[in-house]
C-alpha cells in the first residue's frame with residue numbers, strides 16, 4: 001500500500017518516468033553499438049587491408065549520397081562507379097547533391113521539397129543560364145547555417161571549375177541517355193584558372209632540406225615540453241620527411257604505407273597511386289637507413305598492436321596509424337623551422353612533392369624521368385619545375401662568351 005501511494009505521488013511519477021526515459025535511451029544506444037560490428041575484410045586482391053577499408057569508407061559515403069538523389073540518375077551512378085576514380089566519384093556526387101539542394105532552395109524550377117523527389121521534367125527546365133548563375137553567383141560565396149553559427153563559404157576559380165566539371169559530366173550523360181532533351185553544356189561560361197608561374201611554385205631549396213633534416217636530428221628548435229614529444233618521434237619524423245623529399249609521394253600514398261609494403265631484400269617498396277595504380281619503387285640507401293632505424297629503434301613492436309594497426313608503418317603515440325592530418329601537421333612544423341615562420345604557415349606535404357621534383361631536375365634528371373617517378377598525368381606539369389633549370393642554363397651561357405666585345 002505504501003509503495004502504491006508513493007508511486008501515485010506526482011513527484012515520484014516524474015522521477016519514475018524520467019528513469020524510464022533514460023533507460024530507453026541507454027537501451028537504444030546499446031542496440032546501436034551492438035549493430036556497429038567490426039569490419040572484417042575478406043581480401044583476395046593484392047591491395048593491403050587498410051586501403052580496402054579506406055576505399056570502403058568512401059564507397060559508403062557515395063552510397064549515402066546516391067540514396068538522396070533522384071531515381072532517374074541511377075545509371076549515372078553506375079557510370080561513375082565504372083568510369084572514374086573513387087575519390088572523383090564522391091566529389092561529383094557531392095557537387096550534384098549540392099546543386100539539387102540549390103534547385104529546391106533558391107529556384108522555382110522544382111516544387112519538390114526533397115532532392116529525391118526532383119523529376120526529369122524539372123531537369124528539362126534547367127538551362128545553361130541556370131548553371132551559370134549557380135556557379136558564378138551562388139557558389140562563389142554562400143552561407144551555411146549550423147546551429148547558432150553561420151559560416152560564410154567562399155570558393156576560388158579552381159573550386160568553381162570542379163563544380164562546373166561535375167555538372168558538365170552529369171548533363172552530358174543525361175543527354176547521351178536521352179533523359180534530358182538538350183545538351184546545355186556548350187552554354188556553360190568558361191572559368192579562367194590562373195596560370196601557374198614557375199617562380200611562384202612553393203618548395204624548399206636543397207640546402208633548406210638539409211637544414212630541415214638537421215632540425216629533426218637535433219631538436220634544438222623545440223621548447224622543453226616539445227622535446228619530450230620529439231624524443232619519442234624523431235626517428236619516425238625523419239623517415240617521413242626523407243620519403244617525401246626523395247620520392248615526392250602524395251600524402252595519401254605515404255599515409256597508406258605498411259611494414260609489408262617494403263621488401264628490403266629486393267630493394268623496393270609498393271605504393272598505390274591515384275585510380276588504383278600499383279607501383280613498385282626502388283629504395284635508395286638513405287631511405288633504407290632511416291626506415292630501418294625507425295622500425296628497429298622507435299616503432300612499437302607489431303606483437304603489441306591490435307590487428308588493425310600491426311602492419312601500419314607510421315604510428316602515432318597512441319599506437320594507431322597516423323592520420324593524414326597528423327602527417328600534414330608534422331610537415332608544417334618542420335618546414336616552418338626552416339622558413340622561420342609559424343607552424344600554421346609551414347609548407348604542406350604537396351610542397352615537399354614540388355621540392356622533390358625541382359631537386360631532381362636540378363640534379364640533371366630528365367623531365368620524363370621525373371614525370372614517371374612523381375606520376376604526373378601530363379609532362380607540362382613537370383615542365384613547370386624544369387623552368388628553374390632553364391634559368392641555370394641561361395646564367396651559364398651568359399657568362400661563357402667566346403668573343404669579347
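A few remarks follow.
- Taking other Cβ atoms within 10 Å as a rough exposure proxy, 149, 169 sort from fewest to most as 149, 169.
- Note on residue 343 and residue 108: the extension gain reaches 79.9 nm, defined as 0.36 nm multiplied by sequence separation minus the Cα-Cα distance.
- Counting other Cβ atoms within 10 Å as a rough exposure proxy, the listed residues 148, 214 run 148, 214 from fewest neighbours to most.
- Relative to its Kirkwood radius, the Cα radius of gyration of segment 200-391 gives an Rg/Rh of 0.96.
- The residue 210 and residue 87 beta-carbon pair, evaluated with R₀ = 56 Å, returns a calculated FRET efficiency of approximately 0.95.
- Based on the reciprocal of the average 1/r between different C-alpha atoms, the Kirkwood radius for segment 49-188 equals 15.9 Å.
- Förster radius 25 Å - calculated FRET efficiency between residue 192 and residue 275 (Cβ-Cβ, nearest 0.05): 0.35
- Centroid-to-centroid, using Cα positions, segment 98-112 and segment 200-255 are 48 Å apart.
- The distance between label points at residue 350 and residue 319 comes to 3.6 nm (points 7 Å beyond Cα on the Cα→Cβ vector).
- Counted residue by residue at 0.36 nm each, then reduced by the alpha carbon distance between them, the extension gain from residue 42 to residue 59 reaches 4.5 nm.
- Taking a ≥ b ≥ c as the square roots of the eigenvalues of the Cα gyration tensor, segment 93-157 is classed as oblate, since a/c reaches at least 1.5 and a/b does not exceed b/c.
- Prolate/oblate/rounded label for segment 266-380 (Cα gyration tensor, a/c 1.5): oblate
- Semi-axis lengths (Å, descending) of the ellipsoid that matches the C-alpha gyration tensor of segment 37-92: 24, 13, 9
Every number here is computed from the coordinates shown, using simple stated rules; none is lab data. Given the structure is predicted, the values throughout are model-derived calculations rather than measurements. All Cβ positions, even for glycine, are placed from backbone atoms using ideal geometry, and neighbour counts span all protein chains on display.
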